[in-house]
Amino acid sequence: MASVELIEIENVRSVRKASIRLSSGVNFIYGLNGAGKTTILDSVAIALYGTDWLKRKRIRLSDLVTMGASVGVVRLLVNVNGRRYTIQRAFSREKVIETQTYVMSEDGVRVAERDREVTRWVTENLGVDVELFNLLYARQGELRDILEVNRREEFKLDKLLKIDSMDKLQTEVLKSIEKRLEGEAKALEAAIRENNGERERIERKLNEARARAKELEALISKLSEELSSKEAELSRLRDEERRLIGVRERFNAINDELSRLKDELNRINAEVKELEAKVKEREALKARAREIEDKLKASRGLRDELSRLEELVNELGGRVRELEYKESMIKELERQRSDLDRQIRELEDELEELRRIREGRRGLEERIREVTSRLRELDELKARRTSLMEELNHINEELNILKQSNEPVCPVCKRPLNPDDRERIIKENTERVRRIKEELSVINSRLRDYDNLKEVEEDLRGKLAQVKVAEERIPTLESRLRELRGRLTELNGELEAIRGEVRELARLREEYNSANAKLRQLRDLLKSLEGLQEEYLRINAELAKNPEAELSSLLSNRSRIEARISELEDEAKRLSGELARLNSIEELINKVENEVKELRARLEQGKGSLNQLISSIGEMENEAKRIGELISRRSERLRFIRGKLQEVTKLAAAIEDAKPALRRALLNAINEELRDTFKVLRHKESLVEIYVTEDYEVMVKRSDGRELPVNMLSMGERNLVALVLRFALSKALLGDIPIMLLDEPTEHLDSEHRRRVSNWLRDLSEVVDTLIVTSHVDAFENTADNVIRVEVVNPRGESIAYNA
Amino acid sequence: MLIAHLSDVHLGRRQYGLEARARDYELAFLRAIDEIARLREEKGVDLVLVSGDLFDNPRPSPSTYLTAIRGFSRLRDLGMDVLVTRGNHDASVVNPVDNPITVLDSSGLVKYLDYGYVDYGRVRVIGVGCVPTNNRVRLIKALRELMGSGVNVVMMHQYVEGTPYRYPMPNIDYYTIPANELPKDAYYAVGHIHEHALRHPTLEAVYPGSLEVWDSQEFETHVLEDGRLRMVKGQDPKGFLLLDVNEGGGRVRVEPIRLKGGRRMIKVIVNVNGEPPSTFRERLGGLGALDYRDAYVEVNVIGELGDGYGVRDYGFNTVKSLINGALKVNVKLSVTKRGSAKAQATHGLIELIQTVLSKSIGNEAVVNAVLKALDLISDGKVNEAVAILERGLGLGSDVGWLQWS
């Protein structure tokens, strides 16, 4: 149950503002042409179905919004099953204002927002979609469109019945499901086949593996037996070996003991021998001790002698040292003297030499004078040479000038010369040149010696310098010589004195030497006595010892040891016999050990293989089980799918069957309604019935039984039929009609039929929750339950609508 | 002075489209005129006020005019003045064309007041026509100007805010005036609300109401319980008011005058509580208990249909056959199908398709899926339709079998 309770309009076409309450029953909108009745109805349509409806009717938003306004709003307050909702749509000239387009519940919650959702909400809650709404809203002039039930696109019954949807369901939807199912079935079949193949393979492999496992088990048990017997043998051998090893150890221990004991024995024997020797010695020692005692007695007197001599020696020694000192002094002095002598001699030689040199001085000076004069000569010659050469050059120059020039000119005064003069001058000059050259060559040969002479001069001067030096030295040397000589004399005197002292002391030396010799003698003697003393003491100490007791203990020890040794030797002999066996046993043990090792290895290997095999068998078994499960699951699914495929086929068939049944059911419903309604509204008594044929043709039956197609009726009659048909169709399709909007339904009807229609509309209002009817004729005003007036209020053409 | 105050006569109204009701309205007017005449004799009524909606529409038919003339002529002959103001029905409030009252006024039968007044001694009767609430400022201002120093009686056709009406009218909000905006020192002879003797809590204003039953809430109401009819309330009283206005001032005494003799208007409430049609029809027997002769009967069937049943199954229209002799029986249905929380229309087409399909396809889930799929297909959503149908068939979107490998 759904009804519209309130319509609010702002700025839609000519309606600036309107707030209209609707009631149950007939709501009649009255207004002159152009006032805005249709606008109100359109607003309801827009509020309900928004852009969907506008698109169908090809109405532009820009045509909807009132001139001068920017936004148009339509609002409906609807009651759906007792709950109230506000449906609002707002739009500008260009587009819907989505934020202001919504459905809001009583408590302010927006249950739908935006144009499309609102339309969807309306469709769901009203139970009418925009296509069906076309039936319910008969716009002016469109009333009769319903009569062309099958030709007009909007009224195609099949569409209304959703038969075309059913076709699509069969062809597209069911087909796609079918395809999917078939695809799945095929895939499953293939998979199952594959799985079966796998399973067979695995089972084959399993059998092989199991056979092999059995083989391995047999081998393992055989090897185990062998192994245990060999191991028993081995342990037996090992026990024996252990025992023998024990024996060997004992043997070795015995040998060690034996060697130790033997060493001990040797030691004891040696000691015994020693001790026996010692015992023998004692006697000898005793005798010696006595000897020494005598000798020591004599020693005492010697000591005194000794000390006396030592004194003497000391004294003499001092004098002797003095003597020696003096002797050495003598030597020193003599050395000094000889040295002096030598110096003197040297000096005398040197002096002589210098004197000789001084002698030669004069000769030297002469020679120098000589050389110097010669050199002066030579220098003059040099000067001469230079001037000669100058002259030569000069003459040559003159000659050149004379020879060269054609016009002879005096080279000196530059006066012209006649050839004779010239010749003469040339000859003269040439002669002069010759003479000069001669002189020059003489000079040159003489000058050749110049350098030598220069050297000689230098040499001589050098020598002269030497001589001068020597001369200066001579007095120095002479004085030195005098000094030395004086010293020599002193020295000689000293020597003499000392020599005399020495002669005296020489005598003392002899004394000293003899005393020393004696002293030495005594000392040696005493030393030897001291040695004897020591010996004496040693012997006494030795004699103090008592080796005999020791000896007896040693002897008893020795006998004990000897007994033990023989005991041990017996045992050793015994043991060595057994030990011989040890080696052979060890060899045997090695052999058996190897055998055991080999067996073990083989056994391990076998066990390992077996374990592997067992685990792989386990895996294969699991795999086989898994595949089995998979196969069964898949088979189940396949069965399921095949079942579903059948269902789908059945469904398609059912739908196919449903279509004609649906058509028929609808037609029946429609015709039933038509029958009921037409009874009330019958236009002419001659018309009995209207109905719709299976081909969706609308037919009218006359009282005489003739059946006419509806377009044989008059316009007014057709309007009536159309009204009724709309109602019947809506009723049949919807059951409950929430709203019906009739724009000028009484067009072309006379007043009587207008009255009838208005009555019929009253009946209609019992079935329709909200019925809105418009007319510019006020025929409905008295019968309506709610009158709404639409009036133009100003010259601009704006109108308002209100409840009367 | 004694004043008879009527309003909302609505001459010419063919209520429920019935000629008889139009006649009833006329008769009610004439009965009221008779009563006024009687009261004049008995008590000395001086003046008759009709505050709005004398006629049901601005262009009454000639026969309606004649009825009005008949009535008012009688009053004139008895020497009483009749003052009439315009309501929202007998003129357009926006474009008052020549309204029918001016016609009567021109003939001298009545005096038409619109922003005008008449003085009777110290009593001044002011009349203003009906205005939309948006335009009330002008009305209120005019009142203050029109009011005199004596006793003011204002004839006004509006809904005074705060009046405790019982049944709402569609245009209540449109013609409202807040009580506190009105000058307090006047008696308001109001019209527009159709309940008899309805008094405003604070303002001195009482509505005479219409002369005939206007709304089904006023009907004599019964409810069908356990197969028996129980009366819930009687038919509301209808009539006019007698005002006793003291020239010296003070409160106006108001006496309601009830009109007798109107047609019986009966409402029967029948509940459906999910019981199957057969049970329901058994209970209907109780309806026959009342005497419906010449009455107008409205049967309200309210409730929930039984599981799996449709409206047709109950044959609600057969109810009419159980109510005999009535002028008219109107069966109104407010039933819902059980379990439909949303008003998904399960009647009509869907029902048809469901019925037909259910016959061919046994499975309800599949049928529902097919219906949903058909809807989606007509919206162009083929893929979603596929999904819905698959689910209905029990084919999940599980591609699980592939995962089993």
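The numbers here are math on the coordinates, done by the rules we state, and not lab data. Remember, it's a predicted structure, so these values are computed and weren't measured experimentally. Glycine also receives a Cβ, built like all others from the backbone with ideal geometry; neighbour counts cover every protein chain displayed.
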Would you tally the net charge around A:Ser730, using a Cβ to Cβ cut-off of less than 11 Å, leaving A:Ser730 out, and scoring K and R as +1, D and E as -1?
0
In terms of the Cα gyration tensor, with a ≥ b ≥ c the square roots of its eigenvalues, is chain A rounded because a/c is under 1.5, prolate because a/b exceeds b/c, or oblate?
oblate
Using the Kirkwood radius over Cα pairs of region B:70-161, the Stokes-Einstein translational diffusion coefficient at 25 °C and 0.890 mPa s, in µm²/s and rounded to a whole number, is 174
Name the residue from A:Leu537, A:Gly608, A:Asn557 whose Cα lies farthest towards the positive end of the charge dipole of region A:505-627, charges +1 on Cβ of Lys and Arg and -1 on Cβ of Asp and Glu.
A:Leu537
Here, A:Ala213 and A:Ser259, labelled 7 Å along Cα→Cβ, have an inter-label distance in nm of 6.6
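To the nearest whole number, what is the average tally of beta carbon atoms from other chains within 10 Å of the beta carbons of peptide B:355-363?
That average works out to 6.
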Helical mean residue ellipticity (222 nm; -39500 (n - 2.57) per DSSP H run of 4+; nearest 500) of chain B
-8500 deg cm²/dmol
Please give the FRET efficiency for B:Ala179 paired with B:Ala365, using the beta carbon to beta carbon distance and R0 = 51 Å, rounded to the nearest 0.05.
0.25
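Any idea what the dipole of region A:274-357 comes to, in debye rounded to 20, about its Cα centre with Lys/Arg Cβ at +1 and Asp/Glu Cβ at -1? Each step should come with its number before you reach the end.
Working: 21 positive and 25 negative charges, 174 e Å.
Result for region A:274-357 is approximately 840 debye, rounded to the nearest 20.
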Reachable lysines from A:Lys437, criterion Cα separation under 28 angstrom, eight or more residues apart if same chain:
A:Lys382, A:Lys403, A:Lys414, A:Lys427, A:Lys454
In the structure shown, of B:Lys43/B:Lys233; A:Lys701/B:Lys320; A:Lys168/A:Lys644; A:Lys214/A:Lys591; A:Lys278/A:Lys527, the pairs separated by more than 26 angstrom at the C-alpha atoms are B:Lys43/B:Lys233; A:Lys701/B:Lys320; A:Lys214/A:Lys591; A:Lys278/A:Lys527
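Restricting the count to DSSP beta bridges whose residues both fall in chain B, what percent are antiparallel, rounded to a multiple of 5?
Working: 22 of 71 bridges.
Antiparallel: roughly 30 percent of the beta bridges in chain B.
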With only helices counted (DSSP H, runs n ≥ 4, each -39500 (n - 2.57)), the per-residue ellipticity at 222 nm for chain A, to the nearest 500, works out to -27000 deg cm²/dmol
Check cross-link reach from B:Lys359 to the lysines: straight Cα distance under 17 Å, and skip same-chain residues fewer than eight apart.
A:Lys650, A:Lys659
Counting only other chains, and only Cβ atoms inside 10 Å, what mean value do you get across the residues of A:171-180?
4
To the nearest 10 degrees, how steep is helix A:751-767 against the longest Cα principal axis of chain A, on a 0 to 90 scale?
50
Angle, helix A:547-681 long axis vs. longest principal axis of chain A, Cα atoms, 0 to 90°, nearest 10?
20
What does the structure give for A:123-133 when I average, per residue, the other chain Cβ atoms found within 10 Å of the residue Cβ?
3
If you take every DSSP beta bridge fully contained in region A:680-790, what fraction is antiparallel? Give it as a percent rounded to 5.
55
Quick one: among B:Gly286, B:Gly239, B:Gly362, which has the greatest mean-square fluctuation in a GNM of chain B with alpha-carbon springs under 10 angstrom?
B:Gly362
A:Lys37: which lysines have alpha carbons under 20 Å from its alpha carbon, excluding same-chain residues fewer than 8 sequence positions away?
A:Lys17, A:Lys57
What ranking of B:Thr67, A:Thr386 emerges when the number of other C-beta atoms within 10 Å of each C-beta is taken as an exposure proxy, fewest first?
A:Thr386, B:Thr67
Peptides ranked, highest mean first, by Cβ atoms within 10 Å: ranges A:46-58, A:205-217:
A:46-58, A:205-217
Cα extents of region A:270-387 along the principal axes, largest first, in whole Å, come to 137, 49, 14
If you take the charge dipole of region A:725-776 about its Cα centre, with +1 on Lys and Arg Cβ and -1 on Asp and Glu Cβ, which of A:Asn759, A:Thr746, A:Val773 is farthest toward its positive end?
A:Asn759
Degrees between helix A:419-447 axis and first principal axis of chain A (Cα, 0 to 90, nearest 10):
70
Bridge orientation stat for chain A from DSSP, antiparallel percent rounded to 5, came to 70
